[in-house]
Amino acid sequence: QGNNEVPRATTLLEDHLNQFKGNERVRTLLASLYLNGQQQKALASYQEIIKTQPNNVLVNNNLAWLYMEGGSIDKALVHAETAYNLAPKHANVVDTYSQVLLKSGNKRLSLEKAEKAYELSEGKDIDITLNYIEVLIANSRKNEAKRLLESIKTNNETQKAKKNQIENQL
């Protein structure tokens, strides 16, 4: 992966997993590789891992995000709450919980968690900041959202696109 050989790494891990069933560490590595473009395989892998590791924060958090992205908000909420209860001071976990709450229609609690995620990240994580801005807008706090949006600099095309989308909402 470090040598930009993700397809080769994926194949190697898949072969290893087929040969040595039940290796959750390898399955977790493979699932993380699948997150970049093969969400259905990532989801299937994490669903398998959660059976033996129900208190794994990373697995619950990633399942929450994948379910949310797939439109299964009820399932996403279960895993987001579990991850949050296990790691309430981890910015990415709190951010995921906030996003799932927003998608579930709970804008007020989503704002509370988005603000907490932003504070935990000390405003240094652009993705968390962009998510916080979206939640501010959803809660009719557009002035605060504009101020915050003006202060950030994006690092990649995905962030730039999201920032442009938010600017258009304002």
Practice prompt. From (1) open to solvent by 70 Å² or more (accessible area, probe 1.4 Å); (2) over 17 Å from residue 131 (Cβ atoms); (3) out of contact with any Phe, Trp or Tyr (no Cβ under 9 Å at 6 or more places or on another chain), pick out the condition that doesn't hold for residue 65.
Written response: (2)
Worksheet item: Taking into account only those residues within region 117-143 that are surrounded by fewer than 15 Cβ atoms within 10 Å (Cβ to Cβ) and assigned to a helix (DSSP H, G or I), which is nearest to the chain's Cα centre (by Cα)?
Response: 119
Worksheet entry | Elements of type helices (runs of 4 or more DSSP H) contained in region 1-95, each with 2 or more residues being hydroxyl-bearing (Ser, Thr, Tyr), within 18 Å of residue 117 (Cβ to Cβ) and at pLDDT 95 or above | 73-86
Practice prompt. Consider only pairs whose beta carbons are under 8 Å apart and that are at least six residues apart or on different chains; among these, list those whose first residue lies in region 133-154 and is free of Cβ contacts under 8 Å to residues at least 24 places away in the same chain and whose second residue is open to solvent by less than 30 Å² (accessible area, probe 1.4 Å) and of a type in the set (Ser, Thr, Tyr).
Written response: 148/129; 148/132
Item to complete: With respect to residue 114, determine if the residue is more than 23 Å from residue 43 (Cβ to Cβ), within 17 Å of the chain's Cα centre (by Cα) and of a type outside the set (Lys, Arg).
Response: yes
Fill in: Candidates 121, 104, filtered to the one that is farther than 22 Å from residue 156 by Cα and among the hydroxyl-bearing types (Ser, Thr, Tyr)
104
Fill in: Checking residue 94 against (1) more than 24 Å from residue 145 (Cα to Cα); (2) open to solvent by less than 30 Å² (accessible area, probe 1.4 Å), the condition it does not meet
(1)
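The values are calculated or read from the model by the stated rules, or taken from the named source; none is laboratory data. Just so you know, these numbers come straight off a predicted model, no measurement behind them. Every residue, glycine as well, gets a Cβ built from its backbone with ideal geometry; the counts of neighbours run over all protein chains shown. Side chains included, ligands, DNA and RNA excluded: accessible areas come from the protein's heavy atoms. Shrake-Rupley method; radii C 1.70, N 1.55, O 1.52, S 1.80 Å.
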